[in-house]
1. If I ask for residues that are surrounded by 18 or more Cβ atoms within 10 Å (Cβ to Cβ) and hydrophobic (A, V, I, L, M, F, W, C), which ones from segment 81-98 would you list?
2. Of all residues in segment 119-166, which are of a type in the set (D, E, K, R), surrounded by 13 or more Cβ atoms within 10 Å (Cβ to Cβ) and not in a helix (DSSP H, G or I)?
3. What's the number of the only condition in (1) outside any loop (DSSP other than H, G, I, E, B); (2) free of Cβ contacts under 8 Å to residues at least 24 places away in the same chain that Gly72 fails to meet?
4. Look through segment 166-193, keep the residues that are of a type in the set (Asp, Glu) and out of contact with any strand residue (DSSP E or B) (no Cβ under 6 Å at 6 or more places or on another chain), and return whichever of them is nearest to Ala92 (Cα to Cα).
5. What number of residues in segment 19-34 are modelled with pLDDT of 85 or more and among the aliphatic types (A, V, I, L, M)?
6. Quick check on my filter: what residues within segment 80-91 are small (Gly, Ala, Ser) and touching a strand residue (DSSP E or B) at 6+ places or on another chain (Cβ under 9 Å)?
7. Please go through segment 92-116 and give me each residue that is touching a strand residue (DSSP E or B) at 6+ places or on another chain (Cβ under 7 Å), at pLDDT 90 or above and in a helix (DSSP H, G or I), ordered by number.
8. Tell me, please, whether a residue that is in contact (Cβ under 8 Å) with a residue 40 or more places away in the chain and under 30 Å from Ile65 (Cα atoms) can be found in segment 117-138.
Amino acid sequence: MEITAKMVMDLRKSSGVGMMDCKKALKECNGDMEASIKYLREKGMSKAAKKSDRETKEGRIYAYIHGAGNIGAMVELNCETDFVARTDGFIALCKNVAMHVAASNPLAISSDDLDQEVIEKEREIYRARALNEGKPEKIIDKIVDGQIAKFKRQSCLLDQEFIKDPDKTVKDILNEAISQMGENIKIARFSRFSLGE
């Protein structure tokens with residue numbers, strides 16, 4: 001059975017699990033939504049969704065400087081307790097997120113945080129490009145919507161492919177950490193520095 005993007009998104013909404021894990025679950029369960037939810041629960045992946053409303057007041061600020069010192073990133077990751085914030089696993093997660101920020105240069109944590117002005121400028125550029133390429137007027141909006149969705153995936157930290165494992169997004173990595181550590185974890189903020197910028 002073909003697994004569609006809509007099926008993956010529907011499962012993601014109901015489970016709170018990352019897209020790649022949802023796609024895998026749907027493949028394993030031949031597209032059956034209920035069986036896929038059960039599969040994810042059995043694997044302990046939907047734990048992250050249950051913890052997402054819990055308060056995160058502890059955590060760590062982590063700085064990463066790449067190579068010769070030309071690029072750096074600073075991230076703030078929050079969790080529920082100082083105990084978890086001091087664990088090797090949490091520190092490794094902070095380092096991985098900071099390294100990812102340094103390498104991928106995201107614009108925002110999630111699509112909700114993206115500046116609407118930036119999105120509208122991108123929309124104008126994509127529309128003008130489609131018109132210049134002679135695309136039919138009736139499909140231009142669909143083309144532009146698809147390009148905006150791709151722009152958001154590439155620009156938003158949580159939706160980006162994780163640099164160490166492109167089969168997972170940064171959100172998938174966070175959800176795995178939440179399942180392993182048993183606490184809600186959130187990326188509160190980040191900043192990237194590049195020499196001369």
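The values are calculated or read from the model by the stated rules, or taken from the named source; none is laboratory data. Just so you know, these numbers come straight off a predicted model, no measurement behind them. So basically every Cβ, Gly included, is an ideal-geometry build from the backbone, and we count neighbours across all protein chains shown.
1. Val84, Ala85, Phe90, Leu93, Cys94, Val97, Ala98
2. Of everything in segment 119-166, those that are of a type in the set (D, E, K, R), surrounded by 13 or more Cβ atoms within 10 Å (Cβ to Cβ) and not in a helix (DSSP H, G or I) turn out to be Lys135, Glu161.
3. Against the list (1) outside any loop (DSSP other than H, G, I, E, B); (2) free of Cβ contacts under 8 Å to residues at least 24 places away in the same chain, Gly72 comes up short only on (2).
4. The residue in question is Glu176.
5. The number of residues fulfilling the criteria is 2.
6. Scanning segment 80-91 gives a single hit, Ala85.
7. Result: Leu93, Cys94, Lys95, Val97, Ala98, Met99, His100, Val101, Ala102.
8. Within segment 117-138, none of the residues are in contact (Cβ under 8 Å) with a residue 40 or more places away in the chain and under 30 Å from Ile65 (Cα atoms).
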